[in-house]
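To start, the structure under review is shown below, and the notes come after it.
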Amino acid sequence: MTDLSGRVALVTGGSSGIGLATVRKLRSLGAHVVSGDLTPFPEALDAVTGVVADLSTADGCAALVARVRDEHGRLDAIVNNVGIAPTRNGFETITDDDWLLVWNVNVMSAVRITRAGIAMLRQSGNGSIVMTCSSTARVVDPYFVDYAATKAGLLAITRGLAEELGAHGIRVNAVSPGSIRTPLWDKPGGFAEQLASRLGTDVETAIERYVRDERRITLGRPGVAEDVANTIAFLVSDESSYITGADLPVNGGSVKHI
Ligand code: NAP
């Protein structure tokens with residue numbers, strides 16, 4: 001993939017899962033990376049700055065972009081990746097606070113960081129914005145109704161922004177992962193345990209059933225974080241220089257419609 005030496009990328013949710021794999025990949029291609037997350041960046045990686053910030057808040061987002069400006073004075077790529085995906089148990093049980101938290105983390109972080117970063121991206125000449133959306137935006141799943149709404153919203157923002165920013169040489173794309181086995185699944189109380197409790201089995205049996213019967217994943221397994229990170233790096237790099245307003249699926253074939 002194209003060399004990214006001299007470029008600066010901002011990645012949100014970069015301390016775990018897809019975000020962490022993306023930071024490693026962009027760094028391996030030569031980029032300087034600033035990563036924002038609630039959790040400190042987990043390893044010492046040359047030319048990677050880990051910023052601890054609550055990206056559900058305006059202040060957290062502003063601090064992250066300010067750090068990029070102070071440290072590098074330029075920005076070439078934004079990867080709006082941070083997201084939470086709580087399993088719900090009936091529409092009536094989802095409170096206003098539940099809705100607002102998932103909206104603030106999944107949508108408003110991308111809105112605030114992008115808005116603050118556009119001026120630097122304009123100067124880049126190779127500006128690229130990537131939104132981590134989800135196949136859940138396009139498939140019906142009542143257990144993720146609020147999450148799906150945030151990801152559908154991000155897709156709409158992706159398309160609208162691509163239209164506005166194309167004239168400034170900034171490309172805006174989405175990547176839509178399907179089922180990717182990350183700490184979002186495997187952390188205590190994470191998706192895997194929630195699934196096991198819903199299906200009344202142990203975790204591995206629940207995942208097997210989910211892959212085979214619920215998601216009907218063509219490739220027969222969940223993906224790994226690197227599957228998505230490689231696609232994000234492609235969208236950041238010049239190899240995708242004529243792609244904008246697109247949504248690239250990384251789902252092992254689970255979304256069946258055309
Ligand atoms: P992950 O492993 O849980 O990583 C997400 C990171 O974001 C964690 O380090 C988390 O910190 C951090 N974070 C959460 N809330 C935050 C906040 N308010 N401020 C700053 N950081 C915060 O998740 P992932 O699976 O890599 O998911 C990454 C993205 O892919 C998300 O947008 C998700 O919706 C999307 N996605 C994932 C899948 C999948 O199957 N994994 C499928 C489709 C889409 P803590 O751990 O401290 O909370």
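Read-outs throughout are calculated quantities, based only on the coordinates presented, and are distinct from any laboratory measurement. The structure displayed is predicted, hence computed values, not measured ones. All Cβ positions, glycine included, derive from the backbone under ideal geometry; neighbour counts span all protein chains shown.
Data for the structure
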quantity	calculated
Extreme residue, positive dipole direction of the chain, given options Pro40, Ile217, Thr201 (C-beta unit charges)	Ile217
Qualifying lysines (Cα of each under 28 Å from Cα of Lys187; at least 8 residues distant if same chain)	Lys25, Lys151
Net dipole in debye of the chain [+1 Lys, Arg Cβ; -1 Asp, Glu Cβ; about Cα centre; nearest 20]	520 debye
Volume of the Cα convex hull of the chain, divided per residue and given in Å³	122 Å³
Rule-of-thumb Rg ratio for region 115-163 [Cα; 2.2 N^0.38 Å; N residues]	1.42
Region 154-207-region 26-83 distance, computed between alpha-carbon centres (Å)	20 Å
Amide H contacts of Thr49 (H built 1.01 Å from N, under 5 Å, at least 5 apart or other chain)	Val33, Val34, Ser35
Region 95-184 - Debye-derived log10 I(q)/I(0), Cα point model, q = 0.14, 0.16, 0.21 Å⁻¹	-0.55, -0.69, -1.03
Whether region 13-81 is rounded, prolate or oblate, judged on the alpha carbon gyration tensor where a/c under 1.5 counts as rounded	oblate
CD proxy at 222 nm, helix term only [per DSSP H run n ≥ 4: -39500 (n - 2.57); per residue of the chain; nearest 500]	-12500 deg cm²/dmol
Debye log10 I(q)/I(0) at q = 0.19, 0.20, 0.21 Å⁻¹ for region 1-127, Cα point scatterers	-0.99, -1.07, -1.16
Candidates Ala44, Ala116, Ala192, ranked by Gaussian network fluctuation over the chain, Cα under 10 Å, top entry	Ala44
In degrees, nearest ten, helix 17-28 long axis to first principal axis of the chain (Cα)	30 degrees
Segment Asp202-Ala62, extension gain: residue separation times 0.36 nm, minus the distance between their alpha carbons	46.2 nm
Approximate spin-label separation Glu163-Ala44, in nm, with each point projected 7 Å along Cα-to-Cβ	5.0 nm
Residues with amide H under 5 Å from that of Ser254, placed H, sequence gap 5 or more	Thr218
Residue-by-residue Karplus 3J(HN,Hα) for region 208-223, coefficients 6.51, -1.76, 1.60, Hz, glycine and proline x	4, 5, 4, 5, 7, 9, 8, 8, 6, 6, 4, 7, x, 7, x, x
On Cα atoms only, tilt of 225-236 relative to the major axis of the chain in degrees	30 degrees
Rounded to 10°, Cα long-axis angle of helix 145-165 versus longest principal axis of the chain	30 degrees
